[in-house]
Structure formats: structure tokens, C-alpha cells
1. Between GLU47, GLU19, which is within 21 Å of CYS106 (Cβ to Cβ), among the acidic types (Asp, Glu) and either buried (at least 21 other Cβ atoms within 10 Å of the Cβ) or in contact with an Asp or Glu (Cβ under 7 Å, 6 or more places away or on another chain) (or both)?
2. Given the conditions (1) within 24 Å of LYS2 (Cα to Cα); (2) within 15 Å of the chain's Cα centre (by Cα); (3) among the aliphatic types (A, V, I, L, M), report the number of the one that ALA57 does not fulfil.
3. When the residues of the range 2-15 are narrowed to those that are within 18 Å of TYR85 (Cβ to Cβ) and part of a helix (DSSP H, G or I), which ends up most open to solvent (accessible area, probe 1.4 Å)?
4. Quick one: would you say MET72 is surrounded by fewer than 19 Cβ atoms within 10 Å (Cβ to Cβ), part of a strand (DSSP E or B) and touching a residue at least 12 places away in the same chain (Cβ under 8 Å)?
5. So in the range 75-99, with the set limited to residues that are within 12 Å of the chain's Cα centre (by Cα) and of a type in the set (Phe, Trp, Tyr), which one is surrounded by the fewest Cβ atoms within 10 Å (Cβ to Cβ)?
Amino acid sequence: MKIEVRYFTKTGHTKKLAEGIANQLGVCAKPISDLVEGIVDVLFLGEGLYSFDIDEAMKEFIKTLHPSNIKMVIVFSSGAFGNAYAPMKRELEAQGLNVSLQEFHCKGNLGFMFKNRPNEKDVYNAAVFAKTFIAKMGV
């Protein structure tokens with residue numbers, strides 16, 4: 001099974017989660033500037049929520065993804081107010097991609113709010129989420 005992890009981050013928060021997921025699954029976390037190549041069974045795709053939407057760079061990255069090459073997308077995110085699942089799912093499904101109903105989200109630091117989040121426990125929980133998801137797929 002081929003698994004890829006891609007992320008977009010302005011603060012480094014989503015990168016922490018991506019690296020936790022990737023380490024757990026034995027793959028490398030890569031920024032969205034590194035395009036997905038070949039056939040991918042599972043793509044873990046993450047970003048924070050910025051002004052209640054996903055960044056334009058993520059929207060452009062999603063346009064490079066093709067349903068014939070990617071079997072399933074799993075969304076993960078961090079943010080102080082809400083998560084990126086709904087806007088990511090909207091963009092991914094508009095591209096014809098299969099998006100899991102399961103997603104991972106944790107709080108992200110914003111100024112004085114949710115200080116030091118995501119923390120080690122959040123990264124651990126993201127890794128456990130990914131491992132459990134893949135295990136349920138029978139791998």
C-alpha cells in the first residue's frame with residue numbers, strides 16, 4: 001500500500017501533525033510544493049484553518065490531484081476556531097476525489113489562545129488516528 005502525507009502550514013503547527021503521522025506510518029511528510037506522483041492508496045492531507053477557509057495554495061494543490069491516481073484522502077488539521085475538514089472536503093470532492101468521513105483535528109495556538117498547541121499529546125493522537133485508520137483498512 002502506498003501512503004503519502006502532504007501539508008500546508010503558515011505557523012508550523014500542521015507540519016508537526018504531518019510529521020507525527022508520517023513517522024507512525026513509516027513515510028515522509030512533505031509540503032504541498034512536493035507534488036504527489038504515481039498511484040497512491042491513501043493521501044493524508046493537512047492544513048490549518050485561516051480566516052475560516054483553506055489557503056489558496058492548498059486549493060491550487062488540490063487541483064493537481066486526480067481521482068484515477070488517489071484512492072482515498074484523509075484530512076487532518078489544527079486551528080483555534082473550527083477545522084479545515086469542510087472546506088477541504090468541498091475542494092477535494094469538486095476534483096472528484098474520495099474523501100474519508102474520518103478526519104483528525106486538534107486545537108492550534110492563536111496568540112494567547114490554546115498556547116503551545118498542537119502539543120506532544122496532539123501529535124501522538126494524530127499518529128494513533130493514522131495508524132488506526134490504516135489498520136482498519138487491513139494493512
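1. Values: GLU19 fails: either buried (at least 21 other Cβ atoms within 10 Å of the Cβ) or in contact with an Asp or Glu (Cβ under 7 Å, 6 or more places away or on another chain) (or both).
Every option except GLU47 fails the conditions.
2. Every listed condition holds for ALA57 apart from (1).
3. Going through the qualifying residues, I end up with HIS13.
4. Working: surrounded by fewer than 19 Cβ atoms within 10 Å (Cβ to Cβ): yes; part of a strand (DSSP E or B): yes; touching a residue at least 12 places away in the same chain (Cβ under 8 Å): yes.
Yes.
5. TYR85
The values are calculated or read from the model by the stated rules, or taken from the named source; none is laboratory data. Because the structure is a prediction, the values reported are computed rather than measured. Please note: Cβ atoms are built from the backbone with ideal geometry, for glycine as well, and neighbour counts cover all protein chains shown. Only protein heavy atoms, including side chains, enter the accessible area calculation; ligands, DNA and RNA are left aside. Shrake-Rupley method; radii C 1.70, N 1.55, O 1.52, S 1.80 Å.
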